[in-house]
Structures are given as C-alpha cells and as structure tokens.
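> This structure is in structure tokens; I'll ask about it shortly.
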Number of protein chains: 2
Amino acid sequence: MKLLDIFAKLKGDINQIERELERSVTFDDELLSEASLHLLKAGGKRLRPVFVLLSGKFGHYNLDVLKKIAVPLELIHMSSLVHDDVIDDAATRRGQQTVKSKWDNRVAMYTGDYIFGKALTIATELNNPFIHQMLSKALVQMSIGEMEQIRDFFNTKQSIRNYLLRIRRKTALLIAISCQLGAAAADADRQTVNRLYRYGYNVGMAYQIRDDLLDLFGTEKQIGKPPGSDIRQGNITLPVILALKDDNVRDPLLKEIDNIMKSNGTADTSAAIKMIKASSGIELADRLANRYIEKALHALEGLPSIGAKKNLIDIAYFTGKRNY
Amino acid sequence: MKLLDIFAKLKGDINQIERELERSVTFDDELLSEASLHLLKAGGKRLRPVFVLLSGKFGHYNLDVLKKIAVPLELIHMSSLVHDDVIDDAATRRGQQTVKSKWDNRVAMYTGDYIFGKALTIATELNNPFIHQMLSKALVQMSIGEMEQIRDFFNTKQSIRNYLLRIRRKTALLIAISCQLGAAAADADRQTVNRLYRYGYNVGMAYQIRDDLLDLFGTEKQIGKPPGSDIRQGNITLPVILALKDDNVRDPLLKEIDNIMKSNGTADTSAAIKMIKASSGIELADRLANRYIEKALHALEGLPSIGAKKNLIDIAYFTGKRNY
C-alpha cells in the first residue's frame, strides 16, 4: 500500500477537515483571512490530522469530535510555520533574496497569533480539560524548541543530545500529541493512548531526522527550496554534528561552516555538503532514524489488528524512507 | 482613597502573584527566562491581577484559585506587549533610534509565544472549560485588533466606530475578562459576573482613550516615551479622528499627517499635536472617556457594598482622570 492510498481511504474525512480549516479562519478580518487562507491553500500533507483520525479508529471514531482535535493541531502547526517565516525573513535578509517588507513581517506575526488563538478556540469547544492541558504544554515546549534552535545557530559544539531534545520539542511532540489526543478523544483506553503517543513521538523524531538529511541531500524539486538552507541559516543538524565527529572531515568542515557564518547567508554551501556526504555522518544519521522507526513499530505491537494499525505501520515505513 | 492605597491593601496577595509570575517563566530555558524576567521586572501596574482579585471578592475569595486566573491574564498582556515590541522595532527602524538586531526580534517573538503558552498552561490547571474558552476567544480578538491597527495605519478616513471596535479588542476585552473570570472563579452568581464584565469593559475603553490622549499631550516623563509616538507610527487615535472632523483643523492636519507618513518616522510631530490641541477633538474624546466611566460605575450599582466595590469605583475615577 502506498502512502497515497492511506490518504485516499481517509479522503472524505480529510476533506471535511479541510473545509473546517478554511471555515475556521474565514470570517473575522479580511487581511487575516486572506493571509491564513493563502497558507492553507499552499497545502501541506495534513499529517497531523491523518494521525488524529487513524488514532481515533482505536476507540469510538466520531469525526465531529475528532475534527476538533485535528483542526487545532493542524492550525498550531501552521501557526508555527508562519512564525518561522518571520524568522526566515530575517535570515534571507542576510542573503540575496528580496527583503520582505516590514508589513509582511507584521502580518506574518499577527497571522500566527491569530491562527494560534483560533486553534485553541476550537479545541476548547471540547469540554475536556486534559486536551486543553496537553495542547498548552505542547505550545510551551514548541516555543522553547524554537528558541533553542536560534540560540544554537552556528554552535558547532552542540551535542547529539542537544539536537535530539530540540527536534523532540520542535516536531516530535506535536505528532505524538496528535496520536495521543486522537485516541483520547475517541475514549480509547489509557494503554492504547500511551502506545499511540509513543508511536507518534518516535515517528516524529525519525521524520525530522529525515527532513534534516533531505535538506542536505535532496534536490530543489524534492524539497521545494535550495538544498543546504539549514546550514546556511546556521541550523546545525544531526548529519553535521555527526560529520564533525569524523576526524577525516572535522577540521575542513569547521572552517567551511565558519566561512558560511561569516558570509552572512550568501555562501555557497556545496563544499560543506560534499564534506558531510563524504563523512560517516550520513550513515549514522540514517541508522538513528531507522532506530526511531523500529521503536515506533514496537509501540504499536500490542494494539488490535485493525486497518488503522496497518496504515500507521505503512506511514512509519514511508517516514523511514521518505524522500518527499 | 488613593490608587496606591488600594494596591497597598492587596499588597500581600499581589506579592504572591508577583512571585508566581516570576516562577512561571523561570525554569525552562536560560534565554527565555532571562528575556521574560527582564520584562516582568520592568514592572507594570499589574492592573489585570488587581481586577481579578477585587472581582474575586464578590464570591468565595480563594487566592490559590484566583492566582491561576490573575497570572495567566498578566502573562497574556505581557506576551502581547512583547509582540508589539517586534512591531515597534520595525517602526523605530523608520526613525532615528538604533535598529534592534534581528536577534532581538526573534527573541521577542518566541518569548511572546512562550509566555503565551505558559499563560495557558497555568489557566488550564483549573479544570474549568468556561475559563479556557473565554481566554482563547480573547486571544483571537486581541490578534484581530492588532491586525486592524496595522491595517489602519495612516488611514485618516477611519470612523470613530472603527477606532472603538479596535480598542475594544486591543484593550477593553482583556480587562473585562479579568473582572469576569475573577468573579467566575470565585463562584459569584451569574448576574454579578456579568456586571463585573461590563464594568471592566467600560473601564478598559476609558483607559485606552485616556492612554491615547496621553500619548499626544503627556510629557515624556509621564508616559515614558516621546509624545506623539502613536501618530508617528501611523496609529490614528480618537483625538485625531475627532480633530479631523473639525473644519478649522481638518485640511492642515491632513497635510501634516501626510508629511509624517512620508517622513518614514523621522518627522517632528509637534505641529500636528498643536493642531489637534487647538481642535474640538480633545474635549470630545475626554467626554467620551467620561461616558465610559459613568457606564462602568453604573454597572457596579447592583453589587453589594463591600470594600472591593469601593475600590473598583476608585479605580474607575482614577482611570477617568489618569495622567500616569
């Protein structure tokens, strides 16, 4: 089964969520709606809603309830992307791209705040304080993760543990919560909820490691932006940390990263990427991603053999191999 | 009784809230804590906590419960201030002040997001979905208000209604909710909760109108920044809208505002301020602020004659005359 087939099966429900997403940001203010809809229409894999729905299959599946989890989670994800844009704007300022006007930055910031608020408004319609608590805790962790990422820009001394903690906060937690809250909102038993949380967490970790590998070795067509964006911005990811532990590469790579930093975003990163490719970092990062996939699969083991379980297994495999 | 006396009476409880505020942002990440504590220590009148506590006196006053309302509301207020800073940063760029580094902007944005999340985490400790709902709705309204403010920069055709809607969202709503949720968390009856909401709303409207008058006519010492900051930034406030309706002033003032806009923030605003001062706008704005104060006092009428009621009356009077 392909990933697309999983999505095809859920298509009706995903379409409903899509409409809810649009509706949720449509009525308040013209500029906010425009900016938000623009974002929504730019698409995205709607991975978080898919995890909510599949996890909901392990309890009493009720789309009217589940969409009040799925929509907020996708909105929170989007809102963090818009705020990233404000930051990326700052980054591309250092490069050759057109400087976005301040107006755009403001719109991006308040659009993020607005979508964030909307997400919470929808989630709080469910009179379930546990859900509200988990969401607000995730928000705190996500902003800590974002701040850590900024703080560690061009920090070539950071440890693997640093990196893992950061992507846990930035990415894995929200995916874990998508699974957890989907199951919880469907009144699945506690063990099931916990298993799905663990599944989501591990898939999320693998997903982000893959994402960071892709940023270095994907083609511009695959990743929708020039490769090497992370390192150009100063974001030192796992393959780089691992390459820096490889004695054959360490010194020239450090020098190259220093050049990239000094170039203020204008540097060609291909030399650095070549060095990382030649190091043992890739294989080690790959192996770590696979280990998370194995853990994700392991977390599913005790669950009943329903179609959704098969789908979650497929998603885990695809995440392990993803090059999209 | 002076405003300070009211605060003196609540001092013990306010101190506890102060400590909770500090604790709430202390443990997660060094940079976030530093930025947040810096903000907290910069002070502020802690008006929202005061409203929460005073409103709580109309029910079963329990500081342990009330602080889970007071702390989040103050944090939400602070978080909106930090995000304003990101914007103000953009504004002062146009002026002569030092351009803040991008690092500061990023830190400001994520610090705002973080404080925001923290606020929700504390509020959701109270298992009261009504409170969660009111808070998330307020957040949405606040971000709409902020966006409207940006959109209406230098819009000299905006109506009084526009302005009132905007300050309702930007300021009045959060003060209204401080009173409402303080009373609700103390299990006051519904009529009392509604009365306090109305009180807070009207005090909030008067407060913002006074604030906008002060920005034009206060001294730098009174308001902590050079007068005319609003108009320099393009923020067209009530006295300006009203002055533009005065035939004696309209045309030269329009021309002056156009100059300010074209100067990109470097203009001397004293000529514009002088014109506004000479118009009928000041008196009319003053009168409107007083009308809101009267409404606020009226909303309190049915409430029992306890000390807190006297305090709220005093705060309303002070707001009506405020020059701090």
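The values are calculated or read from the model by the stated rules, or taken from the named source; none is laboratory data. All figures in this text were calculated on a predicted structure; none of them were measured in a lab. Cβ atoms come from the backbone with ideal geometry, glycine included; neighbour counts cover every protein chain shown. Note: areas computed on protein heavy atoms with side chains; ligands, DNA, RNA excluded. Shrake-Rupley method; radii C 1.70, N 1.55, O 1.52, S 1.80 Å.
> State, to one decimal in nm and shortest first, how far the label point of B:GLU294 sits from each corresponding label point in the other identical copies (label point: 7 angstrom along Cα-to-Cβ).
Label-point separations across copies, in nm and ascending: 7.8.
> If you average over every viewing direction, what projected area does the convex hull of the Cα atoms of segment B:3-321 give, in nm²? Before the final figure, lay out each step's value.
Values: hull surface 62.9 nm².
Over every viewing direction, the Cα hull of segment B:3-321 projects on average to 15.7 nm².
> Taking a point 7 Å out from Cα toward Cβ as the label site, list the nm distances between B:LYS221 and the same residue in every other copy, smallest first.
Here the equivalent label points are 7.1 nm apart from this one.
> Averaged across B:23-35, how many Cβ atoms of other chains sit within 10 Å of each residue's Cβ atom?
Average neighbour count from other chains, rounded to a whole number: 2.
> Also: If you put a point 7 Å past Cα along the Cβ direction, how far is that point for A:LYS310 from the same point in each other copy, in nm, smallest first?
When each copy's label point is compared with this one, the spacings are 7.6 nm.
> Now a separate question. With a sphere of radius 12 Å drawn around the Cβ of B:GLY112, what net charge do the other residues whose Cβ falls strictly inside it have (Lys, Arg +1; Asp, Glu -1)? Could the numbers behind the result be given before it?
On the way: positive: B:ARG106, B:LYS118; negative: A:ASP113, A:GLU146, B:ASP84, B:ASP85, B:ASP113, B:GLU146.
Around B:GLY112, the charge tally is -4.
> Right, another one. Let me know the mean shielding of A:147-154 by other chains, meaning the per-residue number of their Cβ atoms within 10 Å of its Cβ.
Rounded to a whole number, the mean comes out at 5.
> How big is the convex hull of the Cα atoms of the protein assembly as shown, per residue, in Å³?
It comes to 151 Å³ per residue, whole-number rounded.
> Need one value: the accessible area of B:LYS295 in square angstrom, 1.4 angstrom probe, rounded to the nearest 10.
Rounded to the nearest 10, that gives 110 Å².
> What are the ³J(HN,Hα) couplings of segment B:201-216, residue after residue, when phi is run through the Karplus curve with 6.51, -1.76, 1.60 and θ = phi - 60°? Round to Hz, x for glycine and proline.
Here the 3J(HN,Hα) series is 4, 6, 4, x, 5, 4, 4, 6, 4, 4, 4, 6, 5, 4, 4, 8 Hz.
> In the full protein assembly as shown, how much of B:GLU294 is accessible to a 1.4 Å probe, in Å² to the nearest 10?
Estimated to the nearest 10 Å², B:GLU294 gives 120 Å².
> Also, quick follow-up: For chains B and A, what's the summed buried accessible area, probe 1.4 Å, to the nearest 100 square angstrom?
On the way: alone 15780 and 15750 Å², together 27370 Å².
Buried surface at the B/A interface: approximately 4200 Å².
> How well do other chains shield peptide A:111-123, expressed as the mean number of their Cβ atoms within 10 Å of each residue Cβ?
6
> I'd like the carbon and sulfur percentage of the solvent accessible area for segment B:3-321, probe radius 1.4 Å, heavy atoms only, ligands and nucleic acids excluded.
That fraction is 49 percent.
> For segment A:252-307, I need the span (max minus min coordinate) of the C-alpha atoms along each principal axis, in Å, sorted largest to smallest.
Sorted from largest, the Cα extents of segment A:252-307 read 54, 22, 15 Å.
> Next question, about the same structure. Just to be sure I understand: chains B and A are related by a rotation, so which residue of B has its Cβ closest to that axis, and how close in Å?
In residue-and-Å form, the answer is B:HIS132, 2.
> Let me ask something else. Holding the Cα-Cα limit at 20 Å, pick out from A:LYS45/A:LYS295; B:LYS295/B:LYS321; A:LYS221/A:LYS309; A:LYS274/A:LYS295; B:LYS9/B:LYS310; B:LYS170/B:LYS310 the pairs that are longer than that.
Among A:LYS45/A:LYS295; B:LYS295/B:LYS321; A:LYS221/A:LYS309; A:LYS274/A:LYS295; B:LYS9/B:LYS310; B:LYS170/B:LYS310, the Cα-Cα distance tops 20 Å for A:LYS45/A:LYS295; A:LYS221/A:LYS309; A:LYS274/A:LYS295; B:LYS170/B:LYS310.
> Further question on the same structure: For chain B, what does -39500 (n - 2.57) per DSSP helix run (n ≥ 4), summed and divided by total residues, give at 222 nm, in deg cm²/dmol to the nearest 500?
So the calculated ellipticity at 222 nm is -24000 deg cm²/dmol.
> Excluding ligands, DNA and RNA, what is the solvent-accessible area per residue of the protein assembly as shown at a probe of 1.4 Å, expressed in Å²?
Heavy-atom accessible area per residue stands at 42 Å².
> I'm checking a number: the convex hull volume of the Cα atoms of segment A:199-317, normalised per residue, in Å³. What is it?
Spread over its residues, the Cα hull of segment A:199-317 gives 97 Å³ apiece.
> Then there is this: State the volume of the convex hull built on the alpha-carbon positions of segment A:143-234, expressed per residue in Å³ and rounded to an integer. Don't jump to the answer; show the numbers that get you there.
On the way: hull volume 9.9 nm³, N = 92.
Considering the Cα atoms of segment A:143-234, their hull volume per residue is 108 Å³.
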